[in-house]
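Notes for the one structure printed next.
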Amino acid sequence: MRERAPALIAVLLLITLVIGTWWAADYAQHAIPIDPPPRITHEPDSWATNFVMVRSDPAGVAINRLEGDRMHHYPDDDSYEIIQARAVGQQPGSPITVATADVAVMDQDGARIVMKGDAHVHRMPDDENPPLDVTSEKLTLLPDENVVETNLPALVVHGKSTMNGTGMRYDNDTRQLEVFSATDVKISGTESRTRNDTSGQSSAGGTKQEP
């Protein structure tokens, strides 16, 4: 028995050492964060000056261009903020549109561009239509749908005709313009009038035209 005692003691010490090492490693793993979770805050992770981004269709034809003096990218929502922004839409078969604003925010993987501060959209004239201008504090561009819209007060100038209203939507593919809750409408060559509208030709209660 005395001859086995040293061997038993050695085995017990080895087992104790293994258990102690395992406990120490487990304690250290739980006590010290190895990979702390990243902070999700709306802070830019990259920037650029003289920013230019061009989107193309599946055939490789450029259909949208967004540029500005400075760009910040925010990783939390994968959005881009562009200072002194200028957006150009040139969809095949549609008139060219040029939008400008103090600030633009592009998100949803480029499917939405929100123009803020002195926002203005100009649709170029063509053989059948005079130019169209839309001015508001905020305008939302939907490049994939070729649409511009807002739920804020907007001034629409189509040739020599003007329309003031709260809320508007313009589809550059169909050339259809809807002005909701129109408060001042002056149609050149047809009529000149001021009115308060809560209902009209469109289902949303406004004035619908096809400029």
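The values are calculated or read from the model by the stated rules, or taken from the named source; none is laboratory data. From a predicted model like this one, the values you see are computed outputs, not experimental measurements. Positions of Cβ are backbone-derived with ideal geometry, glycine not excepted, and every protein chain shown enters the neighbour counts. Areas reflect the complete protein model, heavy atoms only, side chains present, ligands, DNA and RNA absent. Shrake-Rupley method; radii C 1.70, N 1.55, O 1.52, S 1.80 Å.
Select from region 57-79 the residues that are open to solvent by less than 70 Å² (accessible area, probe 1.4 Å) and either closer than 30 Å to residue 94 by Cβ or over 16 Å from the mean Cα position of the chain (by Cα) (or both) and list them in ascending order.
The answer is 57, 60, 62, 63, 64, 66, 67, 68, 71, 73, 79.
I'm trying to understand the selection: among the residues of region 102-116, which are closer than 18 Å to residue 169 by Cα and at pLDDT 95 or above?
112, 113, 114, 115, 116
Would you mind stating whether residue 113 is β-branched (Val, Ile, Thr), more than 23 Å from residue 136 (Cβ to Cβ) and open to solvent by less than 40 Å² (accessible area, probe 1.4 Å)?
Answer is no for this residue.
With 148, 179 as the choices, which residue is more than 18 Å from residue 89 (Cβ to Cβ), modelled with pLDDT of 80 or more and among the β-branched types (Val, Ile, Thr)?
Within the list 148, 179, the selection yields 179.
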